[in-house]
1. Contact list please: Cβ distance under 8 Å, first residue in segment 286-309 and small (Gly, Ala, Ser), second residue part of a helix (DSSP H, G or I) and modelled with pLDDT under 95, pairs at least six apart or on different chains.
2. Assess whether residue 265 counts as being outside any loop (DSSP other than H, G, I, E, B) and under 30 Å from residue 182 (Cβ atoms).
3. Just one of (1) outside any strand (DSSP E or B); (2) under 27 Å from residue 229 (Cα atoms); (3) modelled with pLDDT of 95 or more; (4) of a type outside the set (Ser, Thr, Tyr) trips up residue 24, so point out which.
4. Tell me, which residue of segment 184-224 that is surrounded by 19 or more Cβ atoms within 10 Å (Cβ to Cβ) and in contact with a Gly (Cβ under 8 Å, 6 or more places away or on another chain) is farthest from residue 102 (Cα to Cα)?
5. (1) open to solvent by less than 40 Å² (accessible area, probe 1.4 Å); (2) out of contact with any Pro (no Cβ under 6 Å at 6 or more places or on another chain): which one isn't true of residue 102, the others all being true?
6. Any chance you could count how many residues in segment 151-164 are surrounded by fewer than 24 Cβ atoms within 10 Å (Cβ to Cβ) and of a type outside the set (S, T, N, Q)?
7. Kindly establish whether residue 93 is among the basic types (Lys, Arg), open to solvent by 10 Å² or more (accessible area, probe 1.4 Å), in contact (Cβ under 8 Å) with a residue 12 or more places away in the chain and within 26 Å of residue 266 (Cα to Cα).
8. Just name the residue that is farthest from residue 171 (Cα to Cα) out of those in segment 279-313 that are open to solvent by 80 Å² or more (accessible area, probe 1.4 Å) and under 18 Å from the mean Cα position of the chain (by Cα).
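The values are calculated or read from the model by the stated rules, or taken from the named source; none is laboratory data. None of these values were measured; they are calculated from a predicted model. Every residue, glycine among them, receives a Cβ derived from its backbone with ideal geometry; neighbour counts consider all protein chains shown. For accessibility, only protein heavy atoms count, side chains too; no ligands or nucleic acids. Shrake-Rupley method; radii C 1.70, N 1.55, O 1.52, S 1.80 Å.
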Amino acid sequence: MNDRAMITDASVTGVEHWTTKTTKDAEVRLFLWEKFADAPEGKPAILFVHGSSMASQPTFDLHVPGRPDSSAMDWFAARGFDTWCMDNEGYGRSDKQRPINCDIPNGADDLAAGTEYILQTTGASKLLVYGISSGALKAALFAAQYPGRVARLALDAFVWTGEGSPTLAERRKKLPEFQSKHRRPIDRAFVHSIFDRDHPGTADEATIHAFADAILALDDSVPTGTYVDMCSKLPLVDPAKITVPTIIMRGEFDGIAGFDDLIEFYKRLPNPDKQFAVMAGIAHASFQQKNYRTVYHILLAFFTQPELVYHGG
């Protein structure tokens with residue numbers, strides 16, 4: 001489906017899109033959101049992939065009074081990119097009717113459908129892809145399955161085996177509860193816990209409140225599948241199958257992404273065009289941290305790296 005609605009402000013245009021994922025038992029409508037400055041034609045396209053507990057627009061198109069450039073989509077759009085995000089099935093404005101827990105492989109299927117739509121709509125040959133937390137797992141799994149669609153891959157707050165992750169160790173205590181149902185409730189206290197669990201103080205209160213407002217305006221519950229997968233089914237991604245240029249981005253205080261776990265994953269990536277970035281003073285939700293401009297800088301540098309002219313013979 002190609003339904004659209006357009007919203008324009010003085011600097012950046014936002015366009016609502018819808019596409020359909022065909023499954024064996026349903027046609028699943030998926031919501032996509034595009035933002036660009038002036039016109040999108042001829043610009044490199046970025047797809048931002050959200051995590052386990054919130055839809056895409058609160059994560060990537062958040063607006064906080066007094067906090068310049070809170071919207072990562074606006075910031076990258078102002079620098080010449082055609083920016084996209086999408087709600088995975090079970091989140092935000094995408095369909096929620098199927099009785100499934102919307103796990104990570106299902107999310108990778110969403111990305112297959114979403115990227116097919118974006119490539120057809122924009123005429124781009126490949127996309128720049130950024131995923132955070134379980135969104136990084138979805139993005140990595142998708143990139144392994146569809147390397148021809150990915151120009152560069154950024155994995156933020158990623159987890160490979162789960163080794164050395166205090167957050168996952170704590171979360172496993174509730175695994176039977178997550179396995180018993182398809183959705184879990186979220187509320188304002190839960191959103192605050194995301195910022196309190198690793199290293200309190202990395203995000204300011206106004207941003208946390210605005211983030212919670214945006215999340216809860218769309219969802220009062222979210223699927224359990226990513227939690228079940230991250231607590232009981234890791235590893236889900238084989239680094240040897242990720243052949244595209246890749247950056248691993250790890251917040252200094254992130255309780256999900258064990259440092260040694262990520263180093264071992266990084267060592268096994270076959271493409272020599274790869275980077276590992278430690279983001280000082282940052283915990284888990286990178287774009288909502290006080291040091292969010294550091295995240296933007298690292299990501300912009302990676303996405304604008306010149307093409308190699310020599311590959312070693």
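1. Correct list of pairs: empty, since none qualify.
2. Details: outside any loop (DSSP other than H, G, I, E, B): yes; under 30 Å from residue 182 (Cβ atoms): yes.
Considered against the rule, which asks whether it is outside any loop (DSSP other than H, G, I, E, B) and under 30 Å from residue 182 (Cβ atoms), residue 265 comes out as yes.
3. Checking residue 24 against (1) outside any strand (DSSP E or B); (2) under 27 Å from residue 229 (Cα atoms); (3) modelled with pLDDT of 95 or more; (4) of a type outside the set (Ser, Thr, Tyr), the one that fails is (3).
4. 202
5. (2)
6. 5
7. Details: among the basic types (Lys, Arg): yes; open to solvent by 10 Å² or more (accessible area, probe 1.4 Å): yes; in contact (Cβ under 8 Å) with a residue 12 or more places away in the chain: yes; within 26 Å of residue 266 (Cα to Cα): no.
No, not satisfied.
8. Here is the first cut: in segment 279-313, the ones open to solvent by 80 Å² or more (accessible area, probe 1.4 Å) are 290, 293, 297, 306-311, 313.
Next, from what is left, pick out any that are under 18 Å from the mean Cα position of the chain (by Cα): 293, 297.
On the way: 293: 30, 297: 32 Å.
Among them, the one singled out is 297.
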